[in-house]
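Reviewing the structure listed below.
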Amino acid sequence: MNYRAYIFRLFFRILLLVSAILALVYTIYKDQTVYSVIIGIGLLYLLINTYTFIKRRFVAMDDFFEAVKYRDFSRWFPEDRGPKDIRFLYTGFNEINRTIKEINSQNQAQYVYLQKILEMVDIGIIAYNLETGDVLWVNDSFGEILDMPSFKNIRFIENRKPELFNTIFETYHREPNSISIALQNESIKILISDTVFQVDDDAFKLIVIQDIDNTLNKNESESWKKLLSVMTHEIMNSIAPISSLADTLQSNLQIAIKQPKESNLELDDLNSGIKTIKNRSDGLLKFAKTYRSLSKVTNLNLQRVKVSELFSNIQLLMAPSIEAKNIDITFKISGPKLELDIDTHLIEQVLINLILNAVDACKHKEDAQIKVSASQNTSRNIVLKVYDNGTGIPQDILENIFVPFFTSKATGSGIGLSLCKQIMLLHKGKILVKSLEGEGSVFSLVF
């Protein structure tokens with residue numbers, strides 16, 4: 001607002017009024033009647049002009065305040081005509097109107113947005129006036145859960161179902177409470193909570209209910225499906241290499257039986273293969289027991305194990321099936337004396353998962369390579385790494401790969417890597433990943 005021009009003009013008029021009054025007094029004192037009449041008329045004109053000059057601002061403000069009183073923010077004040085100071089005033093009024101209209105528009109959009117969200121949720125919500133019973137707002141889910149048609153006042157329910165009315169509306173549930181209610185010929189269990197809030201002089205009650213019967217049944221069904229999928233996935237991961245190794249041993253035995261003289265079957269190899277199958281079978285049993293109580297405190301069967309022995313078991317188990325897919329797999333240890341305090345069966349399961357993921361990532365590469373290494377870092381932590389030169393992991397899903405049941409594979413269960421993470425946490429270790437799309441990935445187990 002440009003008040004400087006307005007103040008200057010007002011000051012100028014006051015100055016003229018004072019001058020006119022002094023001149024009028026002077027002419028009266030000198031007994032100059034003609035001049036007194038002329039100056040008196042001029043003084044009257046100045047008084048009327050000054051009054052009009054001041055009043056038009058108050059009239060403009062009265063018009064604006066009246067529009068505010070009746071929430072008429074659509075009114076527009078002319079900014080291109082009238083005195084300059086009034087035009088500045090009108091510009092300010094219009095700016096306020098624009099701001100209020102924008103705020104109202106935003107509030108309206110937020111209200112509609114919130115209303116749509118509340119209508120879409122499967123939780124019943126109602127707010128009503130405590131004194132009159134008039135419903136302020138209710139969503140469709142509330143009526144569906146209670147098997148009631150639309151109503152405008154809660155007395156409608158009181159007249160039709162007094163017991164339900166007392167349970168839902170008359171009883172206070174400050175904390176979420178699970179209760180059973182009778183509807184038609186069945187009884188359902190709901191979770192209910194409420195709160196009272198004040199708006200001006202009126203008190204309102206907000207009630208939230210949820211049909212937990214359907215939720216519990218749905219969650220139980222989903223949990224069973226996921227559990228079966230997980231167990232199948234993990235068991236198959238171990239059975240596949242066991243089956244491959246058993247086939248190899250069986251083929252060698254058949255050759256030795258049919259052609260005993262030409263066969264060079266060594267009993268040590270046969271014993272080693274059978275021992276590997278037994279160890280992995282024991283690992284499967286241990287895995288099943290551990291998975292069942294993985295969410296609880298699990299007592300690990302920790303043993304001091306040489307990394308070379310761990311890698312030897314994995315290599316004997318996995319190498320035949322992997323090399324049959326034209327994938328080169330190598331095991332490397334930076335020091336022969338590296339040892340770990342681990343549950344061997346569980347860490348074997350982790351390594352099998354990581355190696356199988358690497359196989360899947362490399363299956364379309366001509367020079368596919370997988371490297372499994374062990375070393376000690378500068379912090380004296382032993383680190384087991386599984387490298388591959390496969391497709392890599394897209395950056396947009398890299399941060400979610402350890403989330404339970406998250407998978408980017410059409411046939412994946414989304415549990416393998418999350419289970420690996422849980423097993424590492426049980427060992428007070430961690431699992432890390434680095435990946436470049438199109439170049440490969442490296443998973444690190446830090447103990």
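The values are calculated or read from the model by the stated rules, or taken from the named source; none is laboratory data. For clarity, every value in this text was computed on a predicted model and none was experimentally measured. Here the Cβ is made from the backbone with ideal geometry for all residues, glycine too, and neighbour counts use every protein chain on show. To get the accessible areas, we keep the full protein, side chains included, count just its heavy atoms, and leave off ligands, DNA and RNA. Shrake-Rupley method; radii C 1.70, N 1.55, O 1.52, S 1.80 Å.
Output yes when any residue across the range 199-209 is part of a loop (DSSP other than H, G, I, E, B), open to solvent by 40 Å² or more (accessible area, probe 1.4 Å) and either modelled with pLDDT of 75 or more or over 30 Å from HIS427 (Cα atoms) (or both), and no when none is. It would help to see each step written out before you state the result.
Kept after step one, since they are part of a loop (DSSP other than H, G, I, E, B), are these residues of the range 199-209: 200-201.
From the residues that got through so far, the ones that are open to solvent by 40 Å² or more (accessible area, probe 1.4 Å) too are 200-201.
With either modelled with pLDDT of 75 or more or over 30 Å from HIS427 (Cα atoms) (or both) added as a condition, the list becomes 200-201.
Within the range 199-209, one or more residues are part of a loop (DSSP other than H, G, I, E, B), open to solvent by 40 Å² or more (accessible area, probe 1.4 Å) and either modelled with pLDDT of 75 or more or over 30 Å from HIS427 (Cα atoms) (or both).
The rows are residues; the columns are (1) surrounded by fewer than 16 Cβ atoms within 10 Å (Cβ to Cβ); (2) more than 14 Å from LEU384 (Cβ to Cβ); (3) at pLDDT 80 or above.
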{"site": "ARG292", "(1), (2), (3)": "yes, yes, no"}
{"site": "LEU317", "(1), (2), (3)": "no, yes, yes"}
{"site": "GLY335", "(1), (2), (3)": "yes, no, no"}
{"site": "LEU351", "(1), (2), (3)": "no, no, yes"}
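Condition first: in contact with a Gly (Cβ under 8 Å, 6 or more places away or on another chain) and at pLDDT 85 or above. Now tell me which residues in the range 417-447 satisfy that.
In the first step, residues of the range 417-447 are kept if they are in contact with a Gly (Cβ under 8 Å, 6 or more places away or on another chain); the result is 435-441, 445-447.
Of everything in the range 417-447, those that are in contact with a Gly (Cβ under 8 Å, 6 or more places away or on another chain) and at pLDDT 85 or above turn out to be SER435, LEU436, GLU439, GLY440, SER441, LEU445, VAL446, PHE447.
A single entry from LEU130, LEU164 fulfils the requirement of being within 19 Å of ILE212 (Cα to Cα) and open to solvent by less than 80 Å² (accessible area, probe 1.4 Å): LEU164. Picking from residues in the range 261-279 that are at pLDDT 70 or above and surrounded by fewer than 14 Cβ atoms within 10 Å (Cβ to Cβ), the one that is nearest to GLY416 (Cα to Cα) is LYS278.
Answer yes or no as to whether ASP282 is surrounded by 11 or more Cβ atoms within 10 Å (Cβ to Cβ), within 14 Å of ILE347 (Cα to Cα), modelled with pLDDT of 65 or more and not hydrophobic (A, V, I, L, M, F, W, C). Write out each step before concluding.
Numbers: surrounded by 11 or more Cβ atoms within 10 Å (Cβ to Cβ): yes; within 14 Å of ILE347 (Cα to Cα): yes; modelled with pLDDT of 65 or more: yes; not hydrophobic (A, V, I, L, M, F, W, C): yes.
Criteria met by ASP282.
Within the range 319-333, the set of residues being in contact (Cβ under 8 Å) with a residue 12 or more places away in the chain and either open to solvent by 60 Å² or more (accessible area, probe 1.4 Å) or out of contact with any Phe, Trp or Tyr (no Cβ under 7 Å at 6 or more places or on another chain) (or both) comprises PRO320, SER321, ILE322, ALA324, LYS325, ASN326, ILE327, ASP328, ILE329, THR330, LYS332. Within the range 418-432, the residues that satisfy the criterion of being surrounded by fewer than 16 Cβ atoms within 10 Å (Cβ to Cβ) and closer than 18 Å to GLU399 by Cβ are LEU425, LYS430, LEU432.
Quick grid of which residues meet (1) on the phi > 0 side of the Ramachandran plot; (2) small (Gly, Ala, Ser); (3) outside any helix (DSSP H, G or I):
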{"position": "LYS325", "(1), (2), (3)": "no, no, yes"}
{"position": "ILE329", "(1), (2), (3)": "no, no, yes"}
{"position": "GLY335", "(1), (2), (3)": "no, yes, yes"}
{"position": "ILE347", "(1), (2), (3)": "no, no, no"}
{"position": "LEU351", "(1), (2), (3)": "no, no, no"}
{"position": "LEU356", "(1), (2), (3)": "no, no, no"}
{"position": "ALA361", "(1), (2), (3)": "no, yes, no"}
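On the basis of being modelled with pLDDT under 75, of a type in the set (Val, Ile, Thr) and either open to solvent by less than 90 Å² (accessible area, probe 1.4 Å) or in a helix (DSSP H, G or I) (or both), does ILE117 make the cut? Taking the combined requirement at face value, the residue satisfies it. Within the range 383-403, the residues that satisfy the criterion of being of a type in the set (A, V, I, L, M, F, W, C), more than 18 Å from ILE314 (Cα to Cα) and buried (at least 19 other Cβ atoms within 10 Å of the Cβ) are ILE393, ILE401. Considering (1) part of a strand (DSSP E or B); (2) surrounded by 14 or more Cβ atoms within 10 Å (Cβ to Cβ); (3) touching a residue at least 60 places away in the same chain (Cβ under 8 Å), the lone condition that PHE142 does not fulfil carries the number (1).
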